[in-house]
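The values are calculated or read from the model by the stated rules, or taken from the named source; none is laboratory data. Here the structure is a predicted model, which is why all the values come from computation and not from measurement. We place every Cβ from the backbone using ideal geometry, glycine too, and count neighbours over all the protein chains shown.
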Amino acid sequence: MVKSLAFAALLSMPIAAFAQGQAGQTVTKESEATETATITAIDPATRSITLRTEKGDEDTFTAGPAVTRFDQLKVGDRITARYIEAVVFQVRKPGVASGASGTTVAAGRLKEVPGGAIGAQQTMTVTVKAVDVKVPSITVTTPDGRTLTRKIGDAKNLEGVNPGDRIEITYSQALVVSAEAAK
C-alpha cells in the first residue's frame, strides 16, 4: 500500500523539477509540515483519542494495537506530527551507472516518550525520450514502459539534457509522531 501510494505520488509529480539544475547535478526538492494538537478526550474502551489543533479544529482517531503506550496518554497531552518529503533528481548521461531501483520502508518507536516514526524511500530511473525547448517540456519512459511528458518552467534548464539520458529519481517521505505530557 505504501509502495503504490508513493509511486503514484512520484509519477504524478512534475518530472521536470530536476531541470532546475544543470545536467549532471543533483537537485533536491523538500517540504515539511508540522502540526501540534492537544488531547481533549480519551476513550480507553474504543482506544479513541480526540485532538484539537491550535486553530481549533477537532478530530477523533482510533489507536490501533501497534500503539503500545496508549495507556500513557492523558487529556491535556500535546501530540506533534511532523511530515517530511523530498525528491532528488540526478541526470545520468549514457554510460554512467544508476543506483538500484526499489523501495525501502522502516518504522520504529520513540524510547523517551510515546510516539513512533515511519519512513519510505523509492528510487527509479526514467529515460529521456524527447526534449522540446519550445514548449518547454520533457518526455520520459518509465521502467515499466509508460511514457510521461511534463512541462518545464524555464527552457534554459533543459540545456545539456538529451534523449538517451537517464534521470534517477529518489522519493523519500517520513512521519514522526510524539506525545508530550501536559504541564
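Things worth noting here:
- Filter result for ALA120 (surrounded by 14 or more Cβ atoms within 10 Å (Cβ to Cβ) and in contact with a Pro (Cβ under 6 Å, 6 or more places away or on another chain)): no
- Evaluated against (1) touching a Phe, Trp or Tyr at 6+ places or on another chain (Cβ under 9 Å); (2) closer than 15 Å to GLU180 by Cα, THR53 falls short on exactly one condition, (1).
- Options GLY115, GLY95, GLY64, GLY108: the member that is more than 18 Å from THR28 (Cβ to Cβ) and touching a residue at least 24 places away in the same chain (Cβ under 8 Å): GLY115
- Which numbered condition GLY102 misses (of (1) exposed (fewer than 15 other Cβ atoms within 10 Å of the Cβ); (2) at pLDDT 90 or above; (3) under 25 Å from the mean Cα position of the chain (by Cα)): (2)
- Screening THR125 on (1) crowded, with 17+ Cβ neighbours inside 10 Å; (2) in contact with a Leu (Cβ under 7 Å, 6 or more places away or on another chain) shows it passes everything except condition (2).
- Just one of the numbered conditions (1) free of Cβ contacts under 8 Å to residues at least 40 places away in the same chain; (2) surrounded by 14 or more Cβ atoms within 10 Å (Cβ to Cβ) is not true of THR40: (2).
- Of everything in the range 125-159 that is of a type in the set (Lys, Arg) and in contact with a strand residue (DSSP E or B) (Cβ under 8 Å, 6 or more places away or on another chain), the residue that is farthest from ALA97 (Cα to Cα) is LYS151.
- Spans of strands (runs of 3 or more DSSP E) in the range 1-88 with at least 1 residues among the hydroxyl-bearing types (Ser, Thr, Tyr), touching a Gly at 6+ places or on another chain (Cβ under 8 Å) and modelled with pLDDT of 95 or more: 26-43
- Of all the listed residues (ALA97, ALA81), the sole one being under 24 Å from the mean Cα position of the chain (by Cα) and either exposed (fewer than 13 other Cβ atoms within 10 Å of the Cβ) or under 30 Å from ALA63 (Cα atoms) (or both) is ALA81.
- Residue check, VAL161 part of a loop (DSSP other than H, G, I, E, B), free of Cβ contacts under 8 Å to residues at least 24 places away in the same chain and aliphatic (A, V, I, L, M): no
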